[in-house]
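The values are calculated or read from the model by the stated rules, or taken from the named source; none is laboratory data. Please read all numbers here as calculations on a predicted model, not as lab measurements. So basically every Cβ, Gly included, is an ideal-geometry build from the backbone, and we count neighbours across all protein chains shown. Please note that ligands, DNA and RNA were not included when accessible areas were found on the heavy atoms of the full protein model with its side chains. Shrake-Rupley method; radii C 1.70, N 1.55, O 1.52, S 1.80 Å.
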Amino acid sequence: PVPPDGGWGWMVVFGAFVSIGFAYAFPKGLAIFFKEIQDFFGTSYSDVAWISSIMLATTYGAGPISSILVNRYGSRPVVMFGGLLCGVGMISAAFCTSILQLYICVGFITGFGLALNLQPSVIIIGRYFLKRRPIANGLAMAGSPVMLCTLAPLNQFLFDNFGWRGSFLILGAILLNCCVAGALFRPIGAATASVKPQVTEEGKDALKEKITEGAMEMSSPANVPTENKTEEGGGKDCCEKINQYLDFSLFKHRGFLIYLIGNVLMFLGFFAPIVFLAPYAKHTGIDEYSAAFLLSILAIVDMVARPATGIIANSKWVRPRIQYFFSFSIAFNGTCHLLCPLASSYTGLVVYSSFYGLAFGMVCAMLFETLMDLVGAAQFTSAVGLVTIAECCTILLGPPIGGTLIDTFGDYKYMFIKCGAVMVLAGTFLFIMNYYNYRMLAKEKKERKTKEEDPKSVRTENEGRNNWSKDTTQVGPELEPLREEESRVKKETNGT
């Protein structure tokens, strides 16, 4: 169906706003509890950082499973089931007695539930919007900073009043709201699917005659071998069945491969700074509420940056070359991390959080829009699944590597420098390779246009067809014995 670009689509955007908000903001909001969980279990920074890493890696790594389920059942039931898993995972985590159990309940179960919220929300926006798609994506992705702005002080308040176990119970109940958001994802073809074509009596009679003739032909002895071949060819192996839901031909797509490599490199330093921002503030002697407020500042700026980025990306000057804008956003994000060690006071951290929120919002607002711009809406579902499974490795390793640097040097600045250098490198790579991709696309388009307008090429093709027909006619006498043998076999078959 044609995307309506409005109507119920704005309710879908609101549902995606809630689902995407929880999927992105929840792993970051848990950083409030890390210092206390570390003291409770007597573990290191690196061990506690694995909680968010496993959750984020599961959220991205389960992307293909989420895409397959969406193609099979639709977005609505998948998101509702994911919300149920999120609630069960966090409620179970409230009763954990070891860090390993937290890895399973918070990392794997809740992370898998968030995966079933993220991909369907992004996919269904592409089905409801076309012209206004960058704006719709920007508004939906704004759910992440809104949720983070709310969760950061809420988590601190819950911890002060109920402890981390009681907080996990309440957060599990809050995550069940994802089921409500999923209920808004009405299938776009539901209104047209109930309309059935009217069939006249004459049409029914003609249809019955065709079915009868087809049955008689299938029952004849001459058609038995064909039927056996069809049955043999109908058995599909496992790879073919998977390829129905995940289009592996995307790995031959030049733009998709450039996007994949750049994003895999980017995510090595994308989430670690936001995970360690509040612990870094506490490490410098800032109180808990002021440290949590840094995340709120980041989220408030991010909240404004995402819709604004969507509006800018939808303009006629930026949208034809949106890949350049995306590359600049990644490099700008990395530059903020490289300058973070210069912020030695609370005022400096506020400035860093503001610029980081701007850069973070710019990247997130265009993260999926640029992918859809490259592969199109038809292959977008498969592309999201394949990209997320490739990104999960670097997402999993990013925060623990940062935690290891902190444990080794006893200082946070090396973690920020590592993340900044990686993201500047990723942005530079994407800018250069997208320039190459745009040049190649223009060259290929020009060659196709020249070939279509050149009458000589058309004449050459027609001459080739005529020569082939002449050659076939000339070799006719050589094939005469075969023709006679074929006619004799036909006569014998008719006689039998």
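The criterion of at least 2 residues that are open to solvent by 10 Å² or more (accessible area, probe 1.4 Å) and touching a residue at least 40 places away in the same chain (Cβ under 8 Å) is met, among helices (runs of 4 or more DSSP H) falling completely within segment 82-189, by 111-128, 133-141, 143-175, 177-183. Among all residues of segment 61-77, there is none that is modelled with pLDDT of 85 or more and open to solvent by less than 20 Å² (accessible area, probe 1.4 Å). Just one of the listed residues (Ala115, Ala93) is out of contact with any Lys or Arg (no Cβ under 8 Å at 6 or more places or on another chain) and closer than 30 Å to Gly6 by Cβ, and it is Ala115. The residue that is nearest to Phe271 (Cα to Cα), counting only those in segment 309-328 that are hydrophobic (A, V, I, L, M, F, W, C) and open to solvent by 40 Å² or more (accessible area, probe 1.4 Å), is Phe328. Against the definition (over 22 Å from Phe26 (Cα atoms), among the β-branched types (Val, Ile, Thr) and at pLDDT 85 or above), how does Ile312 come out, yes or no? So Ile312 passes the test. A Cβ distance below 7 Å, combined with a sequence gap of six or more or placement on separate chains, defines the contacts here; from segment 49-78, residues that are within 10 Å of Thr388 (Cβ to Cβ) reach residues that are part of a helix (DSSP H, G or I) and of a type in the set (Asp, Glu) in the pairs Tyr60/Glu391. Within segment 343-356, does at least one residue satisfy the condition of being open to solvent by less than 20 Å² (accessible area, probe 1.4 Å) and outside any helix (DSSP H, G or I)? Checking segment 343-356: at least one residue is open to solvent by less than 20 Å² (accessible area, probe 1.4 Å) and outside any helix (DSSP H, G or I). Report whether or not Pro481 is open to solvent by less than 80 Å² (accessible area, probe 1.4 Å) and at pLDDT below 80. Considered against the rule, which asks whether it is open to solvent by less than 80 Å² (accessible area, probe 1.4 Å) and at pLDDT below 80, Pro481 comes out as no.
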